[in-house]
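Worksheet: one structure, shown below.
The values are calculated or read from the model by the stated rules, or taken from the named source; none is laboratory data. As the structure is a prediction and not an experimental result, all values here were calculated from the model. Here the Cβ positions follow ideal geometry from the backbone for every residue, glycine too, while neighbour counts run over all protein chains shown. Areas reflect the complete protein model, heavy atoms only, side chains present, ligands, DNA and RNA absent. Shrake-Rupley method; radii C 1.70, N 1.55, O 1.52, S 1.80 Å.
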Number of protein chains: 2
Amino acid sequence: MATHRLGNLTYIASGLADRASLRFAIPATHLCAVQNGPGKKIQTRSKVLTIDSMNPHVKKIEYAVRGPIVIRAGELEKELKQGAKKNYNSILRANIGDCHATGQEPLTFLRQVLALCLYPKLLEDSSFPDDAKQRASRFLSACGGNSIGAYSDSAGVSVVREDVAKYISERDGIPASPENIYMGTGASEGIRNVMKLLMTSQSGNGRAGVMIPIPQYPLYTATIAEYDAYAINYYLDESANWSLSLDELKRAITEAKPHCKPRAICVINPGNPTGQVLTRKNIEDIIKFAKEENLFIMADEVYQHNVYAEGSEFHSFKKVLMEMGPPYSELELASFMSTSKGYMGECGLRGGYVELINVEPDVRAQFQKALSAKLCSAVTGQAAMNVVVNPPKPGEPSYELFQKQKNTVLGQLKEKGKMTSEVFNSIDGISCNPVQGSMYAFPKIDIPKKAVEAAKAQGVAADAFYCFNLLEETGMCVVPGSGFGQKEGTWHFRTTILPPMEQLGEMLSHFGKFHSKFLEKYS
Amino acid sequence: MATHRLGNLTYIASGLADRASLRFAIPATHLCAVQNGPGKKIQTRSKVLTIDSMNPHVKKIEYAVRGPIVIRAGELEKELKQGAKKNYNSILRANIGDCHATGQEPLTFLRQVLALCLYPKLLEDSSFPDDAKQRASRFLSACGGNSIGAYSDSAGVSVVREDVAKYISERDGIPASPENIYMGTGASEGIRNVMKLLMTSQSGNGRAGVMIPIPQYPLYTATIAEYDAYAINYYLDESANWSLSLDELKRAITEAKPHCKPRAICVINPGNPTGQVLTRKNIEDIIKFAKEENLFIMADEVYQHNVYAEGSEFHSFKKVLMEMGPPYSELELASFMSTSKGYMGECGLRGGYVELINVEPDVRAQFQKALSAKLCSAVTGQAAMNVVVNPPKPGEPSYELFQKQKNTVLGQLKEKGKMTSEVFNSIDGISCNPVQGSMYAFPKIDIPKKAVEAAKAQGVAADAFYCFNLLEETGMCVVPGSGFGQKEGTWHFRTTILPPMEQLGEMLSHFGKFHSKFLEKYS
């Protein structure tokens, strides 16, 4: 990995390279909040915790989705509030899949159930529909002292785990057991917890190797860094709609074997940041590969409701694995789900679950024990998940409104995804795969040599340079591809498709203008 | 440490010894859910995760508060439901500080604010008081898209951090800054996050040493095990109301220095499981000691509202440290707070914060970066904390009810604490320090030699044996002292003082009978 120092700044000579440094490859003025380099003098006499003495693994954590560009966006917002004159009046935050923050309305039914759970006196209020009251009463009856303020069992409230199992059974046509369901504070916590089980506690080439897609959602590299594990990067094929090839998986693991003990393969489907939906054939290939290499499968399926493209369909790893029969149906699998995505977008409630499949009972007991030291996940998030897996049924009073709200959100996302890729593809020097699912587009941008050099001179990755310029000029906040990983020599960015149609349209029209100006300047 | 194997079971010959095994020192029938010993055959062909191949640090985690006795309590509850005949009709769960589960009513105002935040249509409902509406509106105005369902900033919603800082400033008479406040999913998460910063990533005697009180709340040993750090046990002085002596701190760190790199001292005040409230002198001693030994102070102050004893007063570490002036006022300190305790008891909402004091800005930036990979803590928990730090003021419509509810809870806890220690002290062979604060009593029990031997024969610690017997005979679920640590050769248990007065009184009366029967049987 070709990492060089240029003054106080770190830049990466190669396209992909060490993402650990890439996040810090930004102008010095933006560095203050995240810098771990040699830039700052340690003025302490005898502080216990200094940048040099703190946990080095924490220093290696990266999370571009809330990285320096987003910090700069916050500064610009403050400047605008203080009356600064810019080409724009507000910052468009397309950096994070934060649905409500970008204008999506919460689902009425979900919020009614939560209000009832929190303030049960409302159960007497005739303006609340009966099905919401029924859901709230059922949930509360399974809470200690009938209160959402009691700790739940470490794995979650019993009825929620039951309803999750029922939801999965109906989704897949394959039985699921409440015993295998563990509620978590968002899906992220479950992913960290499962990955933690897989660690070896050894260093060097005894370290656990975890296969991750490139581009990836940076939670994975962040967790791998924190646990001092080894990231085995496998590249998604941009030329084939970000699909996954068996040859590439084999290449990746073969190259990694001298450096680690491969333990798991992570798959994000539908894809983040890449927006693809894996075909059944693709999933079968991954499962066969996992069998061959004896890998634990971690399936990030939080976007399972977010499938838009004609001909695309969500296939859960569990369903495919089970339908493949033995020996594949005996593979260990963890599937993750969240209340934050789909049509709910309830990010702040931090609801999530993991289903553990084919995991040894004594390992599950250890998992549960480790959870118990955290007491329980947010019970409000559990209540939200309960609604997601047990929504109003036909004939219930809230059914029609719920369906309408759900279909509106998903319908708009479909339209916005289509518009986004079309607009990007209409711009010279930008190409974008169709947004088959999830909430993101990940277009490729041709960055002129002169701009790459200008970026290098400033000590930043070329796509970070591009995104910083985009932000300063247009107020659009997107995340550079280097924050997710990309093939050497290519440059991308991730944008959400969440802003309201009109705002998204305006953003995209600005984009074309910005891009041609940028090309002109650096041609 | 004298750990021996007896068939499938582990027991500890010494009184304190390795708590890592103690949690598993229970009858084989109760072992299924937590065993990590050699008892189970691994029947897998090629599972990735087996009890032998999983992360060994996770295996070492222990959390007696939800350990095997509590699992057995759950089984008994099921048996009772199925009509089994016992000496009791229900299980009294005095194992965990779960206020609402044991009958405490939620605060009306807090729940009103939360219901308003979740379902803002209620802002038009005239039955909700104006001050609740004002709090909810203010909170929502600081949320993305005015929704509690949006991610907050990684460190928390701005107005909550501001209000926390104001609360601390008023509590201590010393300024606090919102910048130093980080919201978390309960206090536990903050404790884990801060401890993580302190890790060295080295093994052997390069490991981080963390001083913890014995007895301790097992979150500390669980986290130390998970991070593969070194626990430096310092013993609280039971004969002096569980106070802390400088000599003991010095002994502990001196003995530990060959084995680790001491980095931090954890203090729980008011005490858990011991119920003491540290004097100002005690706190000053700890601060001087931390200065001398260059330790980071972690102050677990989640019971700051729970002080009952005449003459006892809560002194925050921050206030004492600041008032001591330089060089003490420059020490690094983290103070933790929760919505789960106090008079609120909102455990399920998982609200908490940490205030970082005198921590280097670049270390704080790293802390914030690590938080950002977790996106944010439960925003509902943040809203709950907002009420705790900004309760109704005199003259506001909810003030009187709020005060009444608060004072009722705290008044009852005071009475129950007094009754609990008095009853225990009236029983031969049990002695109990006064419950000065928090929510627990930690009585010492004399266990006859024959019972110790009977326990040993069953491969369990003597106090676990005692508590298992108590549970089976009376339906009372308490946690053995070995789950918290205790001086060699002494035996204890922790009970909460939370059950309603009448139920607690009944429990305590059963206790005397059980204890004399037990003594008789093993005398």
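Brief remarks on what is shown
- Ellipsoid fit via the Cα gyration tensor, the stretch B:154-389: semi-axes of 26, 21, 17 Å, each the root of five times an eigenvalue, largest first.
- In range of the label at B:Q503: residues from the stretch B:81-121 whose backbone nitrogen is under 14 Å from the point 7 Å along Cα→Cβ: B:89-106
- Helix B:158-172 axis, angle to chain B major axis (alpha carbon atoms, nearest 10°): 70
- Share, in percent, of DSSP beta bridges within the stretch A:196-281 that are antiparallel, nearest 5: 10
- Prolate/oblate/rounded call for the stretch B:243-284, Cα gyration tensor, a/c under 1.5 rounded: prolate
- Approximate shape of the stretch B:143-251 as ellipsoid semi-axes (Cα gyration tensor, √5λ), whole Å, largest first: 33, 21, 12
- Annotation: the antiparallel percentage among DSSP beta bridges lying fully within the protein assembly as shown is about 55.
- For the protein assembly as shown: Kirkwood Rh in Å [reciprocal of mean 1/r, alpha carbons]: 29.6
- The stretch B:195-225 and the stretch A:435-473: distance between their alpha carbon centers, rounded to Å: 42
- Of the Cα atoms belonging to the stretch A:199-242, the radius of gyration and Dmax stand at 12.1, 38 Å.
- Neighbourhood net charge (12 Å Cβ-Cβ; Lys/Arg +1, Asp/Glu -1) for A:M439: +3
- Label point distance in nm, B:Q202-B:R138, each placed 7 Å from Cα along Cα→Cβ: 4.8
- Counting only other chain Cβ atoms within 10 Å of each residue's Cβ, the peptide A:94-102 averages 5.
- A straight Cα-to-Cα reach below 14 Å connects B:K449 with the aspartates and glutamates B:D463, B:E520, residues fewer than 8 places away in its own chain not being considered.
- Relative contact order (percent, whole number), chain A, Cα cutoff 8 Å, 6+ residue spacing: 22
- The dipole here belongs to the stretch B:154-389: it is taken about the Cα centre, uses +1 on the Cβ of Lys and Arg and -1 on the Cβ of Asp and Glu, and is about 540 debye.
- Taking only protein heavy atoms and a 1.4 Å probe, the accessible area of chain A is 49% carbon and sulfur.
- Only Lys, Arg (+1) and Asp, Glu (-1) charged, at Cβ; chain A dipole about Cα centre in debye: 1640
- Relative counts (whole %) of C-alpha pair distances in chain A, using bins that are 20 Å wide: 21, 55, 23, 1
- Charge dipole (Cα centre; +1 on Lys/Arg Cβ, -1 on Asp/Glu Cβ; no other charges) of the protein assembly as shown amounts to roughly 1360 debye.
- In the protein assembly as shown, taking the dipole from charged Cβ atoms about the Cα centre, the farthest positive-side position among B:T254, A:I430, B:V210 is held by B:T254.
- Qualifying lysines (Cα of each under 27 Å from Cα of B:K121; at least 8 residues distant if same chain): A:K121, A:K133, A:K341, A:K393, A:K404, A:K406, B:K133, B:K393
- Rolling a 1.4 Å probe over the protein heavy atoms leaves B:K281 with an accessible area of roughly 120 Å².
- Part-to-part distance (alpha-carbon centres) for the stretch B:387-429 and the stretch B:116-194, which is given in Å: 24
- Intensity falloff of the stretch B:202-342 expressed as log10 I(q)/I(0), Debye formula with alpha-carbon point scatterers, at q = 0.16, 0.17, 0.19 Å⁻¹: -0.82, -0.93, -1.16
- Label-reachable residues, the stretch A:302-319, where backbone N falls under 17 Å from a point 7 Å from A:K418's Cα toward its Cβ: A:306-313
- Positive minus negative residues near A:T274 (Lys, Arg vs Asp, Glu; Cβ under 9 Å): 0
- Listed residue pairs exceeding 28 Å between alpha carbons, taken from A:K81/B:K318; A:K257/A:K450; A:K444/A:K513; A:K166/B:K78; A:K250/A:K318: A:K81/B:K318; A:K257/A:K450
- Computed helical MRE - 222 nm, the protein assembly as shown, DSSP H runs ≥ 4 contributing -39500 (n - 2.57), nearest 500: -12500 deg cm²/dmol
- FRET efficiency, A:K78 to B:E453 (Cβ-Cβ, R0 60 Å, nearest 0.05): 0.30
- Per residue, in Å², the accessible surface of the stretch A:138-389 once ligands and nucleic acids are set aside, probe 1.4 Å: 27
- Seen against the Cα atoms of chain A and their longest principal axis, helix A:379-389 is set at about 80 degrees.
- Listed residue (B:V65, A:Y151, A:W491) projecting farthest to the positive dipole end of the protein assembly as shown, Cβ model: A:W491
- Beta bridges by DSSP in the stretch B:154-389, antiparallel share as percent, to the nearest 5: 40
- Karplus (6.51, -1.76, 1.60) ³J(HN,Hα), θ = phi - 60°, over the stretch B:201-211, in Hz, Gly and Pro reported as x: 6, 9, 10, x, 7, x, 5, 5, x, 10, 6
- Sorted from nearest, the other copies put their B:E488 label points 6.0 nm away, the label point being 7 Å from Cα in the direction of Cβ.
- Placing unit charges on the Cβ atoms of the charged side chains and taking the dipole of the stretch B:67-135 about its Cα centre, the candidate lying farthest along the positive direction among B:S127, B:A101, B:I91 is B:I91.
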